[in-house]
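First comes the structure, then the notes that go with it.
The values are calculated or read from the model by the stated rules, or taken from the named source; none is laboratory data. Because the structure is predicted, anything quoted here is derived from the model rather than measured. Note: ideal-geometry Cβ built from the backbone for every residue, glycine included; neighbour counts use all protein chains shown.
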Amino acid sequence: MKEELFVSGRNIPNIDPVLHVWHWHIPLYLFLGGLAAGLIFFATYFYISGKTDKYPTAVKIAPVIAPFAIAIGLVALILDLKHTLYFWRLFTAFRLESPMSWGAWTLGVIMPLSMVWPLIYIKDMIKYFESSSKRTTAVLKWIDGLLNDVNILKWVMDLARKYQMAIAWALFLLSIILGVYTGILLSAFNARPLWNTSILGPLFLVSGLSTGAAAVMWMSRHHFEMKAFSRFDLMLVGIEVFLIIHMFMGFNASTQAQQQAVALFWGGEFTAVFWGIFFTAGLVVPAILEIMELFGYKVPAFIPAFLILLGGLIFRFIIVDAGQITRYLY
Amino acid sequence: MVKNRRDFIKISALGATGVAIGSKYLFADNTQQAQKSPKGPFKLPSDFKRTPTYCEVCFWKCAGWIYKNEKGDVQKIIGNDDDPNSNGRFCPRGTGGVGMYHDEDRLKTPLIRVTDKYGKQTYRKASWDEALGVVAKGLQKVIDEHGPECLALFTHGSGGKYFGNLLKALGSHNIAAPSYAQCRGPREVGFIATFGDGLSSPEPTDIKNTDCLVLIGSHIGENMHNGQVQEMSQAIDRGATIITVDPRYSTAASKSKYWLPIKPSTDLALLLAWMNVIIEEELYDKEYVKKYTYGFDQLKEHVKGKTPEWAYGITTIPPDVIRETAREMGKASPAVIVHPGRHVTWYGDDTQRLRAVAILNALLGSWGRKGGFYKPDKAKLPSYPHPPYPEVERSWRDAMGGKYALADLALANGVCDATIPSVTRDCSIKAWIVNGTNLIETLPDRRKTVEAINNLEFIVVVDTMPMEITGYADVVLPECTYIERYDTIRASQHREPTIALRMPAVEPKYNTKSAFWIAKHLAEKMGKGDYFPFKTLEEELDWQLKKIGSSLEEMQRIGVKKLKRPYDDLYFANGEDIEFYTNTGKIELYSTSFESYGFDPMPKYTAHPEPPEGFYRLIYGRAPMHTFTRTINNPNLSDLMDTNVVWVNPKVAKTWGLENGQEVWLKNQDGVFSEFAIKVRVTERIRWDSVYMVHGFGHNRKELSRAYGKGASDSKLITNVMMDPIMGGTGMRGNFVTFLTSKPVGKEVKS
Amino acid sequence: MRYAMAMDTAKCVGCSDCVVACQTENNVPIGFCRDWIVENVEGTYPQLEMEIRSERCNHCENTPCVRTCPTGASHVIEGGIVKVTHNECIGCGACIEACPYDARYFHPDGYVDKCTFCDHRVAEGLDTACVSVCPTYSLTFGDLDDPQSPISILLRERKWKTLVPEAGTKPQVYFLI
């Protein structure tokens, strides 16, 4: 029989008996960050490749979600800080080796740019929302008025329209960094065996892109665009499944600490929620629905979109919670 | 005479108004700036950044320094490098002593028991003058009606000197410490019978120079006798062999070359078998035995049949292990120690068992030799002359019916027994002063202790914390901690004599006073002020120190002063002629004094009762971060360990379906059960016929906010007391428990 | 100058003196600890083995915590001691996630706290509080760059191990076995 115990009464809250210092704030932010990254990615990619007309929702309408997502995510992050009053210290230093520092600065730059981009297309947004929501339309019209009347805002918007391509390139690169850094942030913690895999970066990026694509698919009213995005989503889900299977294969062929980490998902407490909810409901079912659509069956777009978004959120909750439980010690 | 039963009062019960708000706030009316000492000829605590003290957490009394922070608050306590007891390093309890001072659950004000108009008993706050007046009156009444011999003092702390002085001035010699008959008594008597000298404290074991340390009934490392743990560490560095005999895999066992997992209660058989091997294989120190001992031939005859094979059947220790360990001891002789242990009151034949330990040491020639037992020396401090103590016509001894004549100190349980009226006696003890000992947890068979208390006419408790015993007092007097007072000069025995000063680091908190102050003012109220001639303790200490060439001022600066041994007699010199304080003048392997009192002159093995089916022997012990209940509410130390767990062997756990961390209640062979639940620790470190827990938990006093309701009290479950016929020690390891997986309801003896 | 600590498991009895001494020296709040005691038991009665260790921050050579700190509050000072500047810490908890030894914790005031090798004492030439108090003389502190320091001698003469070497952190607390 093997026993390992604390003799000195150590019982630090949130660290003993298992680590749990990051609660819902972090997975929520990771999801929102990934969503924003996906939205901005598609917007800027299709803008740069000149396909704005083919994918109008992706370029003009859907990116309005991004600044809100990022803002809510930032609020969640700040709420998570235990030394909240000092949060501004994040911006007094840039640490090359710290993914969190990368993230802080990236978010710092993306936030204003992601607010400007949808404002460029405010008139298209008014047209889009006219038929669905009176209140939103009213607010948008008021903002449009502000942008025309207030001199400084008008000047900023003119500048933005003039240099839109440059902004698009900047946002394109930043969105990739945003999407992938959330995964690299976790994978850089060599103390947590479940996170310590280089697949996590690309996996989070792909998952973020798929949630972005799902959001566009949901919002789109153009048949061609909806079908195209449903195919993009199918491809991204496929890549995600491939990466996840590879990740598990890699863990099983790795050290004991990694194997014990994987055991959480293979008979452990996270088995049902990971394979049942995330994998099946969040990946496989939407994929099947989209394949069915390819064969001509009519599927309301919001169902696979919703499932993918839900799956993305649950996935990050699972990874953050399970990762903290895994350890090298004892 | 029918007396009102003493209701067990919770200190916070001040009537309806008190309970609602919360007792803590009601008492804390003058927290920090309570008292200011008048400026005399000596420096005040506030004049120093660090002040010398010696620790009061256990009897080791390590000397150290108390450091204060910039705000003048107590910051930390560290050891004094010149002190041989601690060598500049305190144990965890000493280091955590600051918690005793900061503990907000401390007693804060004198309390007097009153009965309200509804007949409910409760405490009310009182001034010192009023409280001392009530005490003086209560004690005087007993003196007038029954005589001063019916007063008794229980003490286990530095305050005992002053209360003892008072008691002797009043005309009683009934002064008892539970550390005798409940703890080390049998070994004192056993060693005195063999060598003519006891061991006292700290034990003069030369561990740092030993080549072989045999621990039978000692768990050094879990009992944190500072100097001994330090020296054991040095012995490990020197490559000394450690042999541990313990039914449990103790910490010491894990560092031993040999661990003998003995069946509980069979230790005497092993000791006799060792004697057999050592004599038969001639491993003993021949010259030493020839020159200094008496009774070798009788002993040789006595252990003839006690072979390792015979012992194997009793102890379950294989014969070759017994032989091998005996040979190790012989090889190391005379630098070998068969450690006498300290808490040795187990099965009632403990004096004989310690006699066997003493005999083994004598055979191996370790007594008075390097690496064995050195001859300690201690400083002698003069007492200030005072009027002679009155003659005493009777003492607690007379209540013992002629038994326990060999006990050299008072028996706490004896005094307790003498309080219960009996047909064989024409009087009994009527009043108690209790200082620094929680008798409810200390004395086994709680029911008897409570019965005794209910037969008292008066009881006053002087303590720092609201321990269980304070709930039975007529008057509770709050003592300040050692951090806040002066006390007697420490003159403990060691390789070299030293003196250590205790001075306060800060003024007493709340409305607490030192034992000296309490005893002096009480004496004055009772007309015995002449026995406390000095106005302040500083004056008395300074007078004493000046008589031996020091002064209070010097001791305040250095804390510890080393003195010279008058003779170079740390060990016996080679071939020295020595007269031992025994009847024969020699080390008695065959005890003539035991024989003359009708006891076995050489130890015999007797089998002791074994646990009935479904029951397990209750073994208890210490944890290095606690000193029984004294530290149980200390914030720093309860942070390390705030509850005990019951160790259960995995086989037993499987049989009962118990899981690690599961809560159980324990019930003993007399139907008494533990008041609170205790968690199970399933571990291989304990035998399948026993369970183990650390002593000092399971408190039912809500005022002890950190200790209330945590764990089980082993002393509550100790109701079967096996009395040692030779000196009256109370053997406590003959109790058996079983598990209850749900909270027990129904009748049982309430304490 | 490379400070390190050696912990002799052959002598440690798990008394937790190091924990209390650290608490009173560094004002560690009750309920938290910068160092702690771990007990390992293996075997079946009576063939048993036990190891007791006093653990703390290992002041690693390859610090994962300093690497991940976004503000630079976690930093390394002379001698390899890892410290946290309280008013630069934002309390994000990344360093706590990064430490394989669970050595860091959130102080109730919000910042992250841990063992500092008592650098305020080391600066005066003293040993750390835990080393100074240990009644079994199990703890040794010193400079690995000095080949004649007690710790260098111990590491030469005794067998030792570190915790979780596979995490790649190069810890500087050595356990003598």
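Miscellaneous remarks
- The listed residue being more than 10 Å from chain C (Cβ to nearest Cβ), in contact (Cβ under 8 Å) with a residue 12 or more places away in the chain and either crowded, with 21+ Cβ neighbours inside 10 Å or in contact with a Gly (Cβ under 7 Å, 6 or more places away or on another chain) (or both), out of B:251, B:244: B:244
- Selection from the stretch A:86-102 of residues that are more than 8 Å from chain C (Cβ to nearest Cβ) and assigned to a helix (DSSP H, G or I): A:88, A:91, A:102
- A count restricted to the stretch C:7-45 and to residues that are of a type in the set (Asp, Glu), more than 9 Å from chain B (Cβ to nearest Cβ) and either in a helix (DSSP H, G or I) or over 19 Å from residue C:103 (Cβ atoms) (or both) stands at 0.
- Verdict on residue C:177 being in contact (Cβ under 8 Å) with a residue 24 or more places away in the chain and surrounded by fewer than 20 Cβ atoms within 10 Å (Cβ to Cβ): yes
- Matching option when the condition is in contact with a Pro (Cβ under 6 Å, 6 or more places away or on another chain) and not β-branched (Val, Ile, Thr), among A:117, A:88, A:105: A:117
- Answer residue from the stretch B:310-333, given it is crowded, with 22+ Cβ neighbours inside 10 Å and of a type outside the set (A, V, I, L, M) and is farthest from residue B:265 (Cα to Cα) among those: B:333
- Every pair of residues 6+ apart whose Cβ atoms lie under 8 Å, when the first sits in the stretch B:674-696 and is touching a residue at least 12 places away in the same chain (Cβ under 8 Å) and within 13 Å of another protein chain (Cβ to nearest Cβ) while the second is small (Gly, Ala, Ser) and in a strand (DSSP E or B): B:684/C:43; B:692/B:621; B:694/B:621
- Search result, residues across the stretch A:216-246 that are under 18 Å from residue A:27 (Cβ atoms) and not acidic (Asp, Glu): A:244
- Of all residues in the stretch A:105-119, at least one satisfies being assigned to a helix (DSSP H, G or I), within 14 Å of chain C (Cβ to nearest Cβ), closer than 29 Å to residue A:220 by Cβ and in contact with a helix residue (DSSP H, G or I) (Cβ under 6 Å, 6 or more places away or on another chain).
- Flag if residue A:213 is within 14 Å of chain C (Cβ to nearest Cβ) and buried (at least 20 other Cβ atoms within 10 Å of the Cβ): no
- Taking every residue in the stretch B:70-84 that is within 11 Å of chain C (Cβ to nearest Cβ) and surrounded by 16 or more Cβ atoms within 10 Å (Cβ to Cβ) and pairing it with any residue that is part of a loop (DSSP other than H, G, I, E, B) and of a type in the set (Val, Ile, Thr), at least 6 positions away or on another chain, the pairs with Cβ-Cβ distances below 8 Å are B:74/B:506.
- Filter result for residue B:274 (part of a strand (DSSP E or B) and not polar (S, T, N, Q)): no
Rundown of residues vs (1) surrounded by 16 or more Cβ atoms within 10 Å (Cβ to Cβ); (2) under 23 Å from residue B:696 (Cα atoms), yes/no style:
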site	(1), (2)
B:392	no, no
B:406	yes, no
B:418	yes, no
B:423	no, no
B:439	yes, yes
B:462	yes, yes
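- Residue match in the stretch B:300-309 (condition: surrounded by 21 or more Cβ atoms within 10 Å (Cβ to Cβ), in a loop (DSSP other than H, G, I, E, B) and of a type in the set (Val, Ile, Thr)): yes
- Residue C:119 surrounded by fewer than 18 Cβ atoms within 10 Å (Cβ to Cβ), acidic (Asp, Glu), more than 10 Å from chain A (Cβ to nearest Cβ) and under 15 Å from the mean Cα position of the chain (by Cα): yes
- Looking only at residues of the stretch A:299-318 that are among the hydrophobic types (A, V, I, L, M, F, W, C) and buried (at least 24 other Cβ atoms within 10 Å of the Cβ), we find that the one that is farthest from residue A:5 (Cα to Cα) is A:305.
- Unmet requirement for residue B:635, which otherwise passes all of (1) within 14 Å of chain C (Cβ to nearest Cβ); (2) at pLDDT below 95: (2)
- Restricting the stretch B:354-380 to residues that are of a type in the set (Phe, Trp, Tyr) and outside any loop (DSSP other than H, G, I, E, B) leaves a set whose member that is nearest to residue B:196 (Cα to Cα) is B:367.
- Any chance residue C:61 is within 9 Å of chain B (Cβ to nearest Cβ) and at negative phi: no
- Unmet requirement for residue C:77, which otherwise passes all of (1) closer than 23 Å to residue C:134 by Cβ; (2) more than 10 Å from chain A (Cβ to nearest Cβ): (1)
- Evaluation of residue B:739 against (1) in a strand (DSSP E or B); (2) in contact with a Gly (Cβ under 7 Å, 6 or more places away or on another chain); (3) not hydroxyl-bearing (Ser, Thr, Tyr) (one fails), failing number: (2)
- Apart from one condition, residue B:629 fits all of (1) among the hydroxyl-bearing types (Ser, Thr, Tyr); (2) at pLDDT 95 or above; (3) part of a helix (DSSP H, G or I); the exception is (2).
- The stretch A:274-330, residues that are among the hydroxyl-bearing types (Ser, Thr, Tyr), out of contact with any strand residue (DSSP E or B) (no Cβ under 8 Å at 6 or more places or on another chain) and within 14 Å of chain C (Cβ to nearest Cβ): A:326, A:328
- Flag for residue B:351 being of a type in the set (Val, Ile, Thr), within 23 Å of residue B:225 (Cβ to Cβ), in a helix (DSSP H, G or I) and in contact with a helix residue (DSSP H, G or I) (Cβ under 7 Å, 6 or more places away or on another chain): yes
- Checked against the criterion of being surrounded by fewer than 19 Cβ atoms within 10 Å (Cβ to Cβ), hydroxyl-bearing (Ser, Thr, Tyr), more than 14 Å from every other protein chain (Cβ to nearest Cβ) and assigned to a loop (DSSP other than H, G, I, E, B), the candidates B:606, B:655 yield just one match: B:606.
- Options A:60, A:2: the member that is more than 30 Å from residue C:29 (Cα to Cα), within 14 Å of chain C (Cβ to nearest Cβ) and not hydrophobic (A, V, I, L, M, F, W, C): A:2
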